[in-house]
Amino acid sequence: MAITRDDVLKVLSTVTVDAAGTTLPASGRLSQVVVDPTGRVMFSILIDPSEAERFEPIRRRAEGAVLATAGVSGVFASLTSERGPNHPAQGAAPQPPAPGRPAAPPPPRTGPALPGVRHIVAVASGKGGVGKSTTACNLALALSAQGLKVGLLDADIYGPSVPKLFGLSGKPKVIEERLLAPMEGYGIKVMSIGFLIEAETAMIWRGPMVQSAITQMLREVAWGDLDILVVDMPPGTGDAQLTMAQATPLSGAVIVSTPQDLALIDARRGVTMFRKVSVPILGVIENMATFVCPNCGHASHIFGHGGARDEAARLEVPFLGEIPLNMTIRESSDAGRPVVAVDPDGPQARVYRDIAAKLWANLSGAPVARAAPRIVFES
């Protein structure tokens, strides 16, 4: 029999959150419970950031209780402080701050975002189809070629491309309870939702499930010591981006765009979104900038040329470089043999290496840890 939301709430009513015996649903801390058609269950527990240590065992108990329920195929449970330290009870109207007084920010977070990880960098785009995943993949490899310890997280839940780009398949090994070993490809540690689902599965997930999945892939993977974790973000400016901004002190974001005006409009939104959540923009990359005919050598600007450079100058953010529209890059990506890994001295790999060098130089002045921003929704 299929599991229902009411079934999950009944199970969660057995989980208490305090010495008085207050149940999780009655505490006002439980987010909307989502059950997808395959039996996956997602929910979040709302906390103040300072309560994370106390509520982690409660989260685990809740997750275990639901997972043991008949009809449940998987559980994504997370702790979240989206509503701030004084969040109202579920269903209650939020209370505005007193007139003339700003809302108190959450307590600052200290230490690195993940144990052993110096920098986390999001590679994002305002829209799909601009080559963001291919760029993230080759950028990670180019950073590794500089002698850095690099990891790559495929956070594109709806369209995970990294397993294909790296030619990786199979399931990650479980090291211990709830801790996965990342896959490895070309010397880089890799994790993707694509390793955890069937290749043709459609991820028909609501926003909270996306948030929880990203949080788990960040926190429950044995990344080890890394100089930089590159995160391939899904396109747009929605739940995944907000989750990364809130759950993780990002060192910065890189925006990938083609030169055409339609793509630049969305890239501009991406820059604006990251700025609103206090994430530094480390640079803009112009992808598919120029096509050079392999037969006659004529250069054609199929998507225009220089648009991303001009936009970076207008927005006063660094411009990291141009990547050509090139058949070698496309063919090597489709074959699971990234061009930076298989032809490190070729002209295409040199482009990525130059961009990676500029990115790392920009990161040298970035803080290792940064307080997670408070999200403010404007009316």
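Summary of values
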| read-out | value |
| --- | --- |
| Counted residues, the range 134-146 - those being closer than 20 Å to Thr258 by Cα and open to solvent by 10 Å² or more (accessible area, probe 1.4 Å) | 1 |
| Residues (open to solvent by less than 40 Å² (accessible area, probe 1.4 Å), within 28 Å of Ala335 (Cα to Cα), at pLDDT below 90 and assigned to a loop (DSSP other than H, G, I, E, B)) located in the range 185-228 | Ile197, Met203 |
| Every residue from the range 147-168 that is modelled with pLDDT of 90 or more and crowded, with 22+ Cβ neighbours inside 10 Å | Val150, Gly151, Leu152, Leu153, Asp154, Val162, Leu165, Phe166 |
| Answer residue from the range 64-77, given it is under 19 Å from Leu218 (Cα atoms) and open to solvent by 10 Å² or more (accessible area, probe 1.4 Å) and is nearest to the chain's Cα centre (by Cα) among those | Phe76 |
| Some residue of the range 15-26 being within 24 Å of the chain's Cα centre (by Cα) and open to solvent by 40 Å² or more (accessible area, probe 1.4 Å) | no |
| Close pairs from the range 7-32: first farther than 14 Å from Phe55 by Cα and hydroxyl-bearing (Ser, Thr, Tyr), partner in a strand (DSSP E or B) and at pLDDT 90 or above, Cβ under 9 Å, at least 6 apart | Ser13/Thr23; Thr14/Thr23 |
| Residues of the range 342-379 satisfying the condition of being at pLDDT below 80 and either within 18 Å of Gly167 (Cα to Cα) or open to solvent by less than 60 Å² (accessible area, probe 1.4 Å) (or both) | Ala366, Ala369, Arg370, Ala371, Ala372, Pro373, Ile375 |
| Ser44 vs. criteria at pLDDT 75 or above, part of a strand (DSSP E or B), of a type in the set (Gly, Ala, Ser) and within 25 Å of the chain's Cα centre (by Cα) | yes |
| Residue, surrounded by the fewest Cβ atoms within 10 Å (Cβ to Cβ), within the range 326-341, restricted to residues that are assigned to a helix (DSSP H, G or I) and at pLDDT 90 or above | Ala341 |
| Residues satisfying the stated conditions in the range 267-298, i.e. touching a strand residue (DSSP E or B) at 6+ places or on another chain (Cβ under 7 Å), open to solvent by less than 50 Å² (accessible area, probe 1.4 Å) and not in a loop (DSSP other than H, G, I, E, B) | Ala267, Gly270, Val271, Phe274, Ile281, Leu282, Gly283, Val284, Ile285, Glu286 |
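The values are calculated or read from the model by the stated rules, or taken from the named source; none is laboratory data. The structure displayed is predicted, hence computed values, not measured ones. All Cβ positions, glycine included, derive from the backbone under ideal geometry; neighbour counts span all protein chains shown. Please note that ligands, DNA and RNA were not included when accessible areas were found on the heavy atoms of the full protein model with its side chains. Shrake-Rupley method; radii C 1.70, N 1.55, O 1.52, S 1.80 Å.
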